[in-house]
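What follows is one structure encoded as structure tokens, with my remarks underneath.
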Amino acid sequence: MRARLHGLIGSAAWLCIAGFWSSTLIAELFLSPAAVVTVKTTIAWSLLAFVPLMIATAGSGFALAAGRSEPLLAGKRRRMPLIGANGLLVLVPAALYLQAKAVAGEFDTAFYAVQGVELLAGAVNLWLIGRSLRDGLRLRAQTRSRGFVSA
């Protein structure tokens, strides 16, 4: 049950990032500045739920992996600090900065430079979390094929 919950919250985190990323891209390329403001404001407020979701994903993953040493877990362990650092040091500050600039109507070079960095960092986190989701599914399959029941 714990493994299933971890998978669900990890998948929800991936879907949130995918939603943030795609809504930003669509708004920037095809919609009005007012829509960009709405998207940026929605993303900024969503961080209040998203950051705890990421913390829960990491915490449940570390709890599930305690005492285990499978190679797939090693990959997940290596990726998690990168995902967290990218999120806390790049994505969260960028989201808040872009929201403030958008609300002020400042769609200038700095806005678009940070927007580019945010899209790149978001794509990196989507890829890293996607790899961890893939490895989690492989671990679950390995555990079942060995006759173990996941907790």
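The values are calculated or read from the model by the stated rules, or taken from the named source; none is laboratory data. None of these values were measured; they are calculated from a predicted model. Neighbour counts run over all protein chains shown; Cβ positions are idealised from the backbone, glycine included. These area figures cover heavy atoms from the full protein model, side chains too; ligands, DNA and RNA do not enter into them. Shrake-Rupley method; radii C 1.70, N 1.55, O 1.52, S 1.80 Å.
Annotations
- Entry remark, region 37-79: residues being touching a Gly at 6+ places or on another chain (Cβ under 7 Å) and of a type outside the set (K, R) number 3 in total.
- Matching residues, region 95-121, being hydrophobic (A, V, I, L, M, F, W, C), in a helix (DSSP H, G or I) and either farther than 18 Å from L53 by Cβ or open to solvent by 60 Å² or more (accessible area, probe 1.4 Å) (or both): L96, L98, A100, A102, V103, A110, F111, A113, V114, V117, L119, L120
- Any hit, region 131-145, residues being touching a residue at least 60 places away in the same chain (Cβ under 8 Å), loosely packed, with under 14 Cβ neighbours inside 10 Å and outside any helix (DSSP H, G or I): no
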